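For reference, the structure discussed in these notes is given below.
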Amino acid sequence: MPLALSVVIIAKNEQNRIKECLESVHGWADEIIVVDDESTDDTRTIALKYTDTIFTRHMEIEGKQRNFGASKAKNDWIMILDCDERLTDELKEEIAAALKEGDPKVAAYWAPQINYMGDVALNHGGWSNPHIRLYNKAHVKWSEADYDVIHPGLKFEEGYRGGNLKAKTIHYSFRNVEDFIKKINRYSTLEATKWYLDKRKMSQGKAMWRCWDRFFRRFVSKKGYKDGYYGFVAAVLSSFHEFAAYSKYREMKEKGYYINDLKAKV
């Protein structure tokens, strides 16, 4: 019998990846919801083969998009997934156990992940940090702050807390090196914008230190070298993210961008 659980999938032009994502949860959860950000490809057509609960909504802020999807769910427990993510059988079993036997004060669960660059698994370098997977919408909401970097944070109702799962999610985070660079470009813009709006004090020296520190931690401290050449590539590009973010932040300060200009960039 399917779990009393609603899977919410956020999508935009994901015809090449959404099928495998849907297949990893189809028949396991009793509801699948797709929130489609006005896709122009066959994303919706593919999704209709697995669920008829599809909403079209332009995404301005990711937190709002996620909260919207949760508001349409019939269950309190929500599994949030991106189209480049897959659930393993081990994680599904662990989630079922957590819903049945878990602490009633735990309203959200984090799970580690296996990140991929193309078909290469990044098993080291800190790329397996836990991400939120499961939460109870009655006690947890996503932050809807402008320019949350990469993914929004969570807001817990007082008295509730998070917990951790052991089984991993499969995350095809980067299609290839080019896709990695594209994401670095977008995420560095988001981070620079956040610094600008928060009036963060950043200097060239601090930015250079962050570059070196990010590379050292990824490649040496967290043993990214064990992933071979692509572990090195991932560490270098992760380091470059810091330099790109600082350069964009400095440009924003010097050019005096207004809030509408920043929204247009994102």
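The values are calculated or read from the model by the stated rules, or taken from the named source; none is laboratory data. Keep in mind that this is a model prediction, so the values were computed, not measured. Here Cβ is always computed from backbone atoms with ideal geometry, including for glycine, and neighbour counts include all displayed protein chains. To get the accessible areas, we keep the full protein, side chains included, count just its heavy atoms, and leave off ligands, DNA and RNA. Shrake-Rupley method; radii C 1.70, N 1.55, O 1.52, S 1.80 Å.
The table for this structure:
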| read-out | value |
| --- | --- |
| Accessible carbon and sulfur surface of segment 100-139 relative to its total accessible area, %, 1.4 Å | 52 percent |
| Length-normalised contact order for the chain - Cα pairs under 8 Å, 6+ apart - percent | 18 percent |
| 0 to 90° range, to nearest 10: angle between helix 62-71 axis and the chain longest Cα axis | 10 degrees |
| Peptides 56-62, 219-225 ordered by average Cβ neighbours within 10 Å, highest first | 219-225, 56-62 |
| Those lysines that a straight Cα-Cα span of less than 26 Å connects to LYS166, excepting residues fewer than 8 apart in one chain | LYS19, LYS92, LYS100, LYS105, LYS137, LYS141, LYS155, LYS222, LYS223, LYS226 |
| The chain: angle of helix 204-216 to the longest principal axis, Cα-based, in degrees nearest 10 | 50 degrees |
| Accessible area per residue, Å², the chain with all protein chains present, probe 1.4 Å | 52 Å² |
| Neighbour net charge for ARG86 - beta-carbon separation under 9 angstrom, K R +1, D E -1 | -4 |
| Mean-position separation - Cα centroids, segment 61-111 and segment 121-143, in angstrom | 10 Å |
| Helix 89-101 axis, angle to the chain major axis (alpha carbon atoms, nearest 10°) | 70 degrees |
